[in-house]
1. Under the Kirkwood approximation for Rh and a Cα-based Rg, what ratio Rg/Rh is obtained for the range 37-83?
2. Which lysines, on any chain, are close to Lys159 with Cα under 27 Å apart, when same-chain ones fewer than 8 places away are left out?
3. What's the angle, to the nearest 10 degrees (0 to 90), between helix 86-98's Cα axis and the longest principal axis of the chain?
4. For the chain, calculate the relative contact order in percent as a whole number, restricting contacts to Cα pairs under 8 Å that are 6 or more residues apart.
5. Mean-square fluctuation check for the chain, GNM, Cα pairs under 10 Å: which of Thr279, Thr14, Thr100 is largest?
6. Give the shape of the range 60-127 as rounded, prolate or oblate, defined through the alpha-carbon gyration tensor: a ≥ b ≥ c are the square roots of its eigenvalues, a/c under 1.5 means rounded, and otherwise the shape is prolate if a/b is larger than b/c and oblate if not.
7. Taking the highest mean first, how do the peptides 71-84, 234-247 order by number of other beta carbon atoms within 10 angstrom per residue?
8. Can you work out the accessible area per residue across the range 130-201, with the rest of the protein chains kept in place, probe 1.4 Å, in square angstrom?
Amino acid sequence: GYGKSLRDYFVQNTPPLSLIDLGGAIFASATVDTNIIVLRKSAYTQPTQAVATSSDFDTKNMSDYVRQNSVEIKYEHGDSWAILNPIEQSKKEKIEKYGTPLKDWDIQINYGVKTGLNEAFIIDEETRDKLVKADPKSAELIRPILRGKDIKRDGYEFKDLYVILAYFGSHKIIPTQYPAIYEHLKGFEKKLKQRGQCRYTSSGKPNSNGEYPGQHHWLELDNNPRQTYMDDFNRQKIMFSRISGNEPCFALDNDGYMTNDTGYIITGNNLEYLLEQLTSDVIWFAFRRFYMGGGIEKEFKVNNLASLPIPLPNTHPIELTDEEINFISSSVKP
């Protein structure tokens, strides 16, 4: 979405004659996508000659490559500039005709817990058992957690890891009501106090008018989670990994697992149906090809996922031709 205004300006004032998406092929040492665009100040009267390079691209023969592989696309006001062949263009039109963007569903997408210091707040089973043995009340603040890489397609692998849920404001009760957890975290006090959100206010300036200068206490998790945010993890939810890999790593959870900041959760209505859609070849292909966006390879961006159109339950399904189905099937294979 950050480039929408610039794209719309080009379409209205200096339409693109050529668009060459070089991907990450130019700067191998940096995570950056590179494009070449040729513009002319005139009315948008002819389609854009667009091409996305592939593994056989050679900069020495760029003109030949562009001539042989480009497709004609007419970009409209408000469009993202996806470079699609005719089959892909047809597929995208259909999914947008019958689908509803996830941002308009009755769901919420949230990131997992950010600790600021995993070694303090994420513990193994042996450490958990020691804390609970020392003080059975410790179990109230300790929950099983999954990392993004533990979430698989339609399932997950619990690696016996747990998180101490020191939510915002809990520093007032942890020393007296959870002494075992307090002694554990006190062993990391120096590192915990060095976290940016503990040392400074949101303005970046030191503040000495309170018990601690930062946005939260050193005993608390890094992203100031409220108890209401924690409650979302107790509900039925879809979990997914921040890095997708080669298949849709979405899984339904009814057991109250937490996720760290390498995972996300979706809560709301129609989750079982939504999970079927998100793990289907059609929707997975559409997301990766049309909506995922650039940046770190295979990384989910929540705003992009929220723009993904999926038909609501009991609405018109996406009808594809045999050619489109075969194209998608061959494209989603790892």
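1. Working: Rg = 12.3 Å, Rh = 12.2 Å.
Result for the range 37-83 is an Rg/Rh of 1.01.
2. Lys114, Lys130, Lys133, Lys137, Lys149, Lys186, Lys191, Lys237, Lys298, Lys301
3. 50 degrees
4. That works out to 19 percent.
5. Of the options given, Thr14 has the highest mean-square fluctuation.
6. Oblate is the answer for the range 60-127, as a/c is 1.5 or above yet b/c matches or exceeds a/b.
7. Listed from highest to lowest mean packing, they are 234-247, 71-84.
8. Counting only protein heavy atoms, the per-residue value for the range 130-201 is 52 Å².
The values are calculated or read from the model by the stated rules, or taken from the named source; none is laboratory data. This structure is a prediction, so every number in the text was calculated from the model and none was measured. Heads up, the Cβs are rebuilt from the backbone with ideal geometry, glycines too, and the neighbour counts pull from every protein chain shown. Each accessible area value is taken on the protein alone, full model and side chains, heavy atoms only, with ligands, DNA and RNA left out. Shrake-Rupley method; radii C 1.70, N 1.55, O 1.52, S 1.80 Å.
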